[in-house]
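Data first, discussion second: the structure below is written as structure tokens.
The values are calculated or read from the model by the stated rules, or taken from the named source; none is laboratory data. All figures in this text were calculated on a predicted structure; none of them were measured in a lab. FYI the Cβ positions are ideal-geometry reconstructions off the backbone, even for glycines, and counts take in every protein chain you see.
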Amino acid sequence: MASALAQLILSLRETGFPLILLWLLSLAITYGILSHVKIPESISARGVISIVVSFLILFAVVASQVVNFVTNLIVASVMIAFGLLIVVMFLEIAGAKKEGKHIFALHPKFFGGAIVVLMILIFIGAGGLGILNIPEIKITTPILAIIFFLIIMVVAIWIMFKEGGDSGGKGE
């Protein structure tokens, strides 16, 4: 009977149960203190503050993994933001408008979905799956560079064909 209990404790420890308990305990204590002193007045604000504080406490415990993850996340986010900025510049240069509206305003769900996909890819590439104890998918910097180059190439070719199609139609 004791070995079954020891096996249960070991399996709970391997799945990260102590970290979950630490997070829940810090969440409950923070929310309890904020509710007791009634700061802030909004219950949802207390909840958000409690969640953030409990994550910060959890991050302090697993600091080495979190520092690596946050570093990778910031680097990947800056790379993606730079890539998005260049794509927006290309779209502005190309004059990607339809009926006087920018293409972003015409297709907000498409661009919103693309941003969500990019954020998921950044999370995976930064090692977020390792923090969630899910087998890791490696998205290395050379792979990101190749994808970025291909996107820039496709946009440049699209711009060339768009300009070629417009001038050919006007000359006739």
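Structure values in brief
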| read-out | value |
| --- | --- |
| Lone qualifier among 17, 90 - being of a type in the set (Phe, Trp, Tyr) and either under 30 Å from residue 141 (Cβ atoms) or touching an Asp or Glu at 6+ places or on another chain (Cβ under 7 Å) (or both) | 90 |
| Candidates 93, 152, filtered to the one that is of a type in the set (A, V, I, L, M, F, W, C), at pLDDT 75 or above, part of a helix (DSSP H, G or I) and out of contact with any Phe, Trp or Tyr (no Cβ under 9 Å at 6 or more places or on another chain) | 93 |
| Complete set of residues in segment 75-95 that are surrounded by 13 or more Cβ atoms within 10 Å (Cβ to Cβ) and of a type in the set (Phe, Trp, Tyr) | 90 |
| Looking only at segment 62-74, and only at residues there that are more than 12 Å from the chain's Cα centre (by Cα), hydrophobic (A, V, I, L, M, F, W, C) and at pLDDT 70 or above, the one that is surrounded by the most Cβ atoms within 10 Å (Cβ to Cβ) | 62 |
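Okay, residues lined up against (1) closer than 17 Å to residue 132 by Cβ; (2) assigned to a helix (DSSP H, G or I); (3) without any contact (Cβ under 8 Å) to a residue 40 or more places away in the chain; (4) of a type in the set (A, V, I, L, M, F, W, C):
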residue: 5; (1), (2), (3), (4): no, yes, yes, yes
residue: 8; (1), (2), (3), (4): no, yes, yes, yes
residue: 11; (1), (2), (3), (4): no, yes, yes, no
residue: 18; (1), (2), (3), (4): yes, yes, yes, no
residue: 24; (1), (2), (3), (4): yes, yes, yes, yes
residue: 31; (1), (2), (3), (4): no, yes, yes, no
residue: 35; (1), (2), (3), (4): no, yes, yes, no
residue: 44; (1), (2), (3), (4): no, yes, yes, no
residue: 47; (1), (2), (3), (4): no, yes, yes, no
